[in-house]
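In what follows, a single structure is set out as structure tokens and then discussed.
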Amino acid sequence: MSWIATHFNYVVVVILMMAGLFIVFSSGNLIKRMIGLALFQSSTALFYISFGKVSGGTAAITLDAQGAEGQALAAQLDPAYVAQFGVEGVVYSNPLPHVLILTAIVVGVATLAVGLAIAVRVRESYGTVESDEIDAVSRVAAEQAEPAP
Amino acid sequence: MQLEALYVAQPALTAQAPILAIAVPLIGACAAALAPSGRAGWMISVVAAMVSAWMALAVAGEVMREGVILYQLGGFAPPAGIALRVDAMGALIALLIGAVGTLAAVFSGHSLAAEVRPEKHTLFQAGFLLAQAGMVGLVYTGDAFNAFVFLEVSSIGTYALVAAGERRDRRALPAAFNYLIMGTIGATFYVIGVGFLYGATGTLNMADMAARLGTLDQNAAVQAGFAFIVAGLGVKAAMFPLHGWLPGAYAHGPSLISLFLAATATKAAIYLMARFLFEVFPDGAAFGDMFLQWVLAPLGAAAVIVCSLQAVFARELRRMIAFSSVAQVGFIFLGFSLANASGLSAALFYMTAHGLMKAAMFMALGGLAISIGARRLEDFAGVAREAPWTAVAFGIGAASLVGTPLTMGFLAKWQIMEAALAGGRIWIFAVMAAGSVLTLVYVGRIIEVMFFREPAPGAPRAKESPVGVLVPLLILAGLSLWFGIDASLPQQLAQAGAASLFEVRP
């Protein structure tokens, strides 16, 4: 039980990932498949953010302890923490995974847009977004294209 | 021809060549999207692809003279800064992408008119340049996360390009959708893997990562990262049995995309996988060697046999050649699985050979499709009479695919088989021989139909391809022959690339 408590984020990551993949593969509806894909990609975002977190760490902004901004930021920190380490000793969470995942989210949005655009064209061309019906239409077309034996 | 002696650009330009090879097609993509007409877009595309190829050639010469090129973006030194890092292996693949990209861009002038809606031509060229920029970037980058971004830049371009084939064959749309789903899952797996490795090492620079992973081969996070990266890139590289997206995308997309993807897209993903397998992961890590021996080798062998058989029984010609591509990826992975310098160098040479011959075959089919628009094998009956040059170029590509002596394909296949024998892997030799026989069966079927059969009465008559198609086509076919006789240009890069990856790895 305590393992789940300490790895809670990762448990959620795995659940999201599996749910996303399940939707992608089990659903026949192109829109639902895109939703599953988006869910799957979101799990990656949570994964990156989770391992970038440093216990007790704060946002990665350099505090100028004497400046007004530094004072304001220090006021938001846990007082016990500041009392123990001082403002200069504050630990930061790793900002790099956040930046990386920001890029990955942008890439994910672009993919989602292209995917939905293709789904729109599928709907225009086949009149449906259900994989089964698309396959059936394609099969009929293929049989008609074949000459009689 | 010795690349060391090849100076194609001023030293000041050569110093900037790695970034220019990526940036020029990227800027060209924006320009092409805004171009006033399809013709203007085509010209931008040809010029940008040509500059990229020229820069890739300059980089290749520089790599042979100076060794690994490290290009620091923005002047920040790695590992904190992001760098492009080009070694001989990357230079070879980028050169292949540049050369095939340029010829494909020239070819697109005629093929698009027959296959893509006129109002989409400028956007199509933009997507094409985007794909090329992404692939060159993927090959040149020294940063694991940048590789993901470049991978997706090129993939998003190619998804849209495959879908653009819907004017002639609407099955391109579901094929593109399927490709997008599989490709995105693959790329996301890759990101997860990179996340694990970053978590374990705290760096994204591949060289730095390799240094820090040295002592971590028992680390579960590293092993999980390895599994995710290999599986994700396996999807992109069409590693059997993750190749489901490939036949549809190649068979229904526009001809331009079949030829460009077959020659370059899977190669770029295979290249990245080689980079991780042989450079980043710890030397002699048990899981790496186990993967090569017990996963990559059997899957490669299965691809060679199963997909060659599928090609034998395929009815549509382009689908047949698409299945053949998956089988050829199997040959390349068999070369990797030998895990030594001669196997890797042979596999790299095979990648180049396969890129050139498949590009020639798909381009010849694209040239024929302009006049007859055919898909099924029977529709191509007797085309050699009406379009002799196109058919001969196809025949040269096909001969190289089978491995006929005096073609590049023969040298490439022979090198892998020789490396397999030297490594004592008789079964790999046997699988390759069996695969070659199966290749002969389906290629023989195509050649028989094209050259020796009477055209069906009433069928549309093929016309010789226009000059704009014939010139790049004959250049591609000529390269397959030329490198079959004098292979020194790709060979020296392949050998130098393989040697540099294995000198740290006894």
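A few comments on the model shown:
- Residues of the stretch A:36-60 classified as open to solvent by less than 30 Å² (accessible area, probe 1.4 Å) and at pLDDT below 80, total: 1
- The residues in the stretch B:191-218 that are open to solvent by 40 Å² or more (accessible area, probe 1.4 Å), within 14 Å of chain A (Cβ to nearest Cβ) and assigned to a loop (DSSP other than H, G, I, E, B) can be counted, and the count is 1.
- Qualifying residue in the stretch B:132-139 (condition: in a helix (DSSP H, G or I), more than 23 Å from B:Ala40 (Cα to Cα) and within 14 Å of chain A (Cβ to nearest Cβ)): yes
- So B:Leu470, is it surrounded by 16 or more Cβ atoms within 10 Å (Cβ to Cβ) and within 21 Å of B:Pro388 (Cβ to Cβ): yes
- Residue match in the stretch B:179-190 (condition: in a helix (DSSP H, G or I) and either closer than 30 Å to B:Ser371 by Cα or at pLDDT below 90 (or both)): yes
- Restricting B:Ala147, B:Ala126 to those that are touching a strand residue (DSSP E or B) at 6+ places or on another chain (Cβ under 8 Å), assigned to a helix (DSSP H, G or I), at pLDDT 90 or above and away from chain A (no Cβ under 11 Å) reduces the list to B:Ala147.
- Number of the condition not met by A:Ala145 [criteria: (1) within 9 Å of chain B (Cβ to nearest Cβ); (2) modelled with pLDDT under 70; (3) surrounded by 13 or more Cβ atoms within 10 Å (Cβ to Cβ)]: (3)
- Residues (under 19 Å from B:Gly165 (Cα atoms) and in contact with a Gly (Cβ under 9 Å, 6 or more places away or on another chain)) located in the stretch B:217-248: B:Trp245
- Against the list (1) open to solvent by less than 60 Å² (accessible area, probe 1.4 Å); (2) assigned to a helix (DSSP H, G or I), the condition B:Ile475 fails is (1).
- Top-ranked residue in the stretch B:65-84 [being in contact (Cβ under 8 Å) with a residue 40 or more places away in the chain and open to solvent by 60 Å² or more (accessible area, probe 1.4 Å); ranked as farthest from the chain's Cα centre (by Cα)]: B:Pro79
- For the stretch B:140-155, the condition of being without any contact (Cβ under 8 Å) to a residue 60 or more places away in the chain, in contact with a Ser or Thr (Cβ under 9 Å, 6 or more places away or on another chain), open to solvent by less than 10 Å² (accessible area, probe 1.4 Å) and not aromatic (Phe, Trp, Tyr) holds for at least one residue.
- The stretch A:79-102 - residue that is assigned to a loop (DSSP other than H, G, I, E, B) and modelled with pLDDT of 70 or more and, of those, nearest to A:Val54 (Cα to Cα): A:Ser93
- Restricting B:Gly435, B:Gly424 to residues that are open to solvent by less than 80 Å² (accessible area, probe 1.4 Å) and not in a helix (DSSP H, G or I) narrows the list to B:Gly424.
- Test: residue in the stretch B:170-177 that is more than 10 Å from chain A (Cβ to nearest Cβ), open to solvent by 10 Å² or more (accessible area, probe 1.4 Å) and of a type in the set (D, E, K, R): no
The values are calculated or read from the model by the stated rules, or taken from the named source; none is laboratory data. This structure is a prediction, so every number in the text was calculated from the model and none was measured. In this analysis, Cβ positions are derived from the backbone assuming ideal geometry, glycine residues included, and neighbour counts consider all displayed protein chains. Note: areas computed on protein heavy atoms with side chains; ligands, DNA, RNA excluded. Shrake-Rupley method; radii C 1.70, N 1.55, O 1.52, S 1.80 Å.
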